[in-house]
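The values are calculated or read from the model by the stated rules, or taken from the named source; none is laboratory data. Because the structure is predicted, anything quoted here is derived from the model rather than measured. Cβ placement follows ideal geometry from the backbone for every residue including glycine, while neighbour counts extend to all protein chains displayed.
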Amino acid sequence: MSFSKIFFTSLILGIGMPLLSNSPAQAQYFIRGDVNCDGLVDSSDVFFLDSLMNHGGPLPACLDAADVNDDGLFFSIADMVYLLRSVDLGLALPPPFPNCGTDPTFDGYTCSVSCCTCTFKPGDTNADDKLSLSDIIVLVNHVFKGGAKPDPACRGDADGDGMLDLTDLVYLVNFVFRAGPDPIPSGVCCQPT
């Protein structure tokens, strides 16, 4: 693929789509460098990016993951270098890496799908991989005191209704102290409790 094709593809996909969109972009969860969207950053991502850049291969499902160095430039040689250094030498990539997350920088790139599945536990608001009183306290601070929202929000959505509110607190208290039903999985919060 010639440089001009890559440039114009990048321009259209990276800038044009967000400007022409009628709806705000939905934050998608991904791992930086997971170009083929399989949940791992490994040599298969290097081959996927090489195929895309040099042989006209398919576009990745998550354009943000392919911006490996998070510089806002699409399919650049620097992305390939960063990816090779990460895979071969174990060097860290910009966030979100090595775990799933959202892009902390706005660059206009999006993901057509979330590349992360079952990454978090519903109800595990403090991300310690256990459901306990400390999770209830985090949710109380958010609901009643304007404290930080669990990230992703589905960690605090114990009843699975898409909102963080008093019913989630009641649900979580019943689970922790009364052997109530497990928190309801939703989105990327679908690991068993």
Test: residue in the stretch 119-128 that is of a type in the set (S, T, N, Q), surrounded by 16 or more Cβ atoms within 10 Å (Cβ to Cβ), in contact with an Asp or Glu (Cβ under 9 Å, 6 or more places away or on another chain) and not in a loop (DSSP other than H, G, I, E, B): no
Unmet requirement for Val87, which otherwise passes all of (1) at pLDDT 95 or above; (2) touching a Leu at 6+ places or on another chain (Cβ under 7 Å); (3) of a type outside the set (S, T, N, Q): (2)
Those residues of the stretch 46-88 which are surrounded by fewer than 14 Cβ atoms within 10 Å (Cβ to Cβ) and either outside the structural domain of Asp34 (by TED's automatic domain parsing) or among the acidic types (Asp, Glu) (or both), in sequence order: Asp88
Residues that are surrounded by fewer than 17 Cβ atoms within 10 Å (Cβ to Cβ) and touching a residue at least 24 places away in the same chain (Cβ under 8 Å), drawn from the stretch 89-101: Pro94, Pro95, Pro98, Asn99
Only listed residue being modelled with pLDDT of 95 or more and under 13 Å from Cys111 (Cβ atoms), chosen from Val35, Val46: Val35
Some residue of the stretch 139-153 being outside the structural domain of Val68 (by TED's automatic domain parsing), outside any loop (DSSP other than H, G, I, E, B), of a type outside the set (A, V, I, L, M, F, W, C) and in contact with a Phe, Trp or Tyr (Cβ under 7 Å, 6 or more places away or on another chain): no
Flag for Ser4 being assigned to a helix (DSSP H, G or I), modelled with pLDDT of 95 or more and small (Gly, Ala, Ser): no
